[in-house]
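Visitor: Okay, here's the structure, questions in a sec.
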Amino acid sequence: MSQPTDEELVATILEGESHLYAEIVKRYQGRVVNYLYRLLHDLEEAHDLAQEVFFRVYRALDRFDADYKFSTWFFRVAQNAAIDQVRKRRLKLVSIHRRDGQEGGRGDWDFPTHEPGPYSRLRNQERGDAIQQAIDELPGEYRELIVLRHFGELSYEEIAQLKEMPLGTVKNKLFRGRQMLKGKLADFLVD
Amino acid sequence: MSDLEHTRYEEWLDLDQDGGLPEEDETRLAAHLAECPECQRQREGLARLHHLMRSHRVDVRAELCQSVLQELPRAPWETPQEQPWGRVAAIASAVVILASALVFWGEGALPATVSAVGDFLTTSILAGAGLLAASWHGVGATVDSWLRLSIPNLLASGAMVVGLNLLLFRLLRRRGRLASVAGRRRGSRDDPS
């Protein structure tokens with residue numbers, strides 16, 4: 001039996017089956033936390049804001065237009081929430097400031113790795129820091145698309161709809177963004 | 001091969017990594033890769049980049065889902081809970097019974113009280129039949145004679161007035177909330193934030 005689409009779930013929730021919102025949360029929690037983390041640079045804050053995004057989406061569920069993809073609408077809410085949060089914190093989106101050791105920050109990551117030992121953890125952390133720095137150094141519009149594609153897991157079409165951009169432009173910008181990332185992360189892309 | 005053509009193959013490599021390349025282009029790309037070491041290196045580099053990004057996703061805390069569901073706010077579009085009419089009727093009856101009990105405690109007031117209550121009901125029926133002027137006069141006279149009987153009667157009538165006003169207020173508020181939900185559903189579908 002195939003899983004219901006997000007749009008079908010929303011319609012059912014609006015008919016009174018509000019407990020099905022748990023399924024929406026499960027489907028989107030990983031994507032939205034990762035997306036918000038890349039913008040806010042703080043894991044604790046990303047979780048808190050993700051929760052707020054779920055609340056906002058739930059309250060406004062009756063305003064979702066089924067002619068569009070739910071994921072696009074969801075991430076529009078997440079994007080605006082992140083912008084509001086950044087404004088509150090007066091934090092520049094492009095930051096090269098490392099936040100090692102901050103509670104709830106990168107020091108608490110549990111990286112998947114097959115290599116045992118402290119050296120591998122250190123190497124992993126270096127890679128994580130380098131990825132974040134490389135993303136932060138991208139020009140704004142490339143950075144946004146990279147974060148939406150790789151961490152928000154939106155498709156090209158969804159990104160085009162969200163950013164109100166032609167599909168060809170999305171493909172082109174993602175291609176160029178990745179070329180830039182490859183250059184910045186060259187040391188980590190070799191054996 | 002021109003640079004422009006080669007750039008196109010590089011773009012295809014990028015799309016191919018994302019699974020976004022049409023099948024016919026995949027075939028052409030595969031044929032090109034067979035004879036272009038540069039593009040083979042590019043593909044390898046892109047694959048590593050994708051793997052690097054995937055492997056550095058943060059873990060979501062296990063309690064996030066539970067926390068969201070436990071603290072989920074009530075949404076405006078959710079159907080407001082129906083006020084059972086039985087509860088309303090019970091409150092109104094309690095007010096009437098309380099008022100009557102207070103009335104019957106008045107010394108020597110029993111016959112006059114029964115007559116006053118009867119007059120009150122009669123004038124209420126006449127008001128419903130459209131004889132508003134007469135009924136108001138009748139209500140006024142009945143209330144006046146009732147209030148003159150004793151202080152408990154005064155308190156009882158005060159309690160009844162308060163109770164009826166509370167009931168009216170709740171009914172009006174419920175009606176306003178229903179109208180608001182209907183209005184929101186017909187409203188725009190813009191970003192809620």
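The values are calculated or read from the model by the stated rules, or taken from the named source; none is laboratory data. As the structure is a computational prediction, the values presented were derived from the model and not from experiment. Cβ: placed from backbone, ideal geometry, glycine included. Neighbour counts: every protein chain shown. Only protein heavy atoms, including side chains, enter the accessible area calculation; ligands, DNA and RNA are left aside. Shrake-Rupley method; radii C 1.70, N 1.55, O 1.52, S 1.80 Å.
Visitor: Among the residues of segment B:12-58, which ones are open to solvent by less than 60 Å² (accessible area, probe 1.4 Å), acidic (Asp, Glu) and out of contact with any His (no Cβ under 9 Å at 6 or more places or on another chain)?
Guide: B:14, B:16, B:25
Visitor: Further question: Which condition number in (1) in contact with a helix residue (DSSP H, G or I) (Cβ under 6 Å, 6 or more places away or on another chain); (2) among the aliphatic types (A, V, I, L, M); (3) over 16 Å from residue A:152 (Cβ atoms); (4) at the interface with chain B (Cβ under 7 Å from one of its Cβ atoms) is the one that residue A:9 fails?
Guide: Against the list (1) in contact with a helix residue (DSSP H, G or I) (Cβ under 6 Å, 6 or more places away or on another chain); (2) among the aliphatic types (A, V, I, L, M); (3) over 16 Å from residue A:152 (Cβ atoms); (4) at the interface with chain B (Cβ under 7 Å from one of its Cβ atoms), residue A:9 comes up short only on (4).
Visitor: So, one more: Being more than 18 Å from residue A:77 (Cβ to Cβ) and open to solvent by 10 Å² or more (accessible area, probe 1.4 Å) is the requirement here; does residue A:16 meet it?
Guide: yes
Visitor: Take segment A:117-166 and flag every residue that is buried (at least 17 other Cβ atoms within 10 Å of the Cβ) and among the aromatic types (Phe, Trp, Tyr).
Guide: Across segment A:117-166, the qualifying residues are A:142, A:151, A:156.
Visitor: Pick out the one residue from A:38, A:31, A:87 that is open to solvent by 30 Å² or more (accessible area, probe 1.4 Å), part of a helix (DSSP H, G or I) and within 11 Å of chain B (Cβ to nearest Cβ).
Guide: Just a single option satisfies the conditions, and that option is A:31.
Visitor: Conditions first: (1) touching a Leu at 6+ places or on another chain (Cβ under 8 Å); (2) within 25 Å of residue A:75 (Cα to Cα); (3) facing another protein chain (nearest Cβ under 10 Å). Residue A:182 passes all but one, so which condition is the exception?
Guide: The one condition residue A:182 does not meet is (2).
Visitor: Kindly indicate the residue of segment A:13-28 that is within 19 Å of the chain's Cα centre (by Cα) and of a type outside the set (Val, Ile, Thr) and also nearest to the other protein chains (Cβ to nearest Cβ) among those meeting that condition.
Guide: A:26
Visitor: Please name all residue pairs, on different chains or six or more residues apart, with Cβ atoms under 6 Å, provided the first residue is in segment A:142-154 and is under 15 Å from residue A:69 (Cα atoms) and the second residue is at pLDDT 95 or above and open to solvent by 10 Å² or more (accessible area, probe 1.4 Å).
Guide: A:152/A:31; A:153/A:31
Visitor: A further question follows. Being within 30 Å of residue A:50 (Cα to Cα) and either more than 9 Å from every other protein chain (Cβ to nearest Cβ) or outside any loop (DSSP other than H, G, I, E, B) (or both) is the filter here, so list the residues in segment B:15-45 that pass it.
Guide: Across segment B:15-45, the qualifying residues are B:15, B:17, B:19.
Visitor: Here's a follow-up. Condition check: in contact (Cβ under 8 Å) with a residue 60 or more places away in the chain and either in contact with a Phe, Trp or Tyr (Cβ under 8 Å, 6 or more places away or on another chain) or acidic (Asp, Glu) (or both). Does residue A:44 satisfy that?
Guide: In short, yes.
Visitor: Separate question: With the checklist (1) under 17 Å from residue A:151 (Cβ atoms); (2) free of Cβ contacts under 8 Å to residues at least 40 places away in the same chain in hand, flag the one item residue A:52 doesn't pass.
Guide: Tallying (1) under 17 Å from residue A:151 (Cβ atoms); (2) free of Cβ contacts under 8 Å to residues at least 40 places away in the same chain, residue A:52 fails exactly one: (1).
Visitor: Among the helices (runs of 4 or more DSSP H) confined wholly to segment A:100-191, which include 3 or more residues that are more than 19 Å from the chain's Cα centre (by Cα) and at pLDDT below 80?
Guide: Ranges flagged: A:118-136.
Visitor: Only one of (1) closer than 30 Å to residue A:25 by Cβ; (2) facing chain A (nearest Cβ under 8 Å); (3) assigned to a helix (DSSP H, G or I) is not met by residue B:73, so which one is it?
Guide: Residue B:73 satisfies all of (1) closer than 30 Å to residue A:25 by Cβ; (2) facing chain A (nearest Cβ under 8 Å); (3) assigned to a helix (DSSP H, G or I) except (3).
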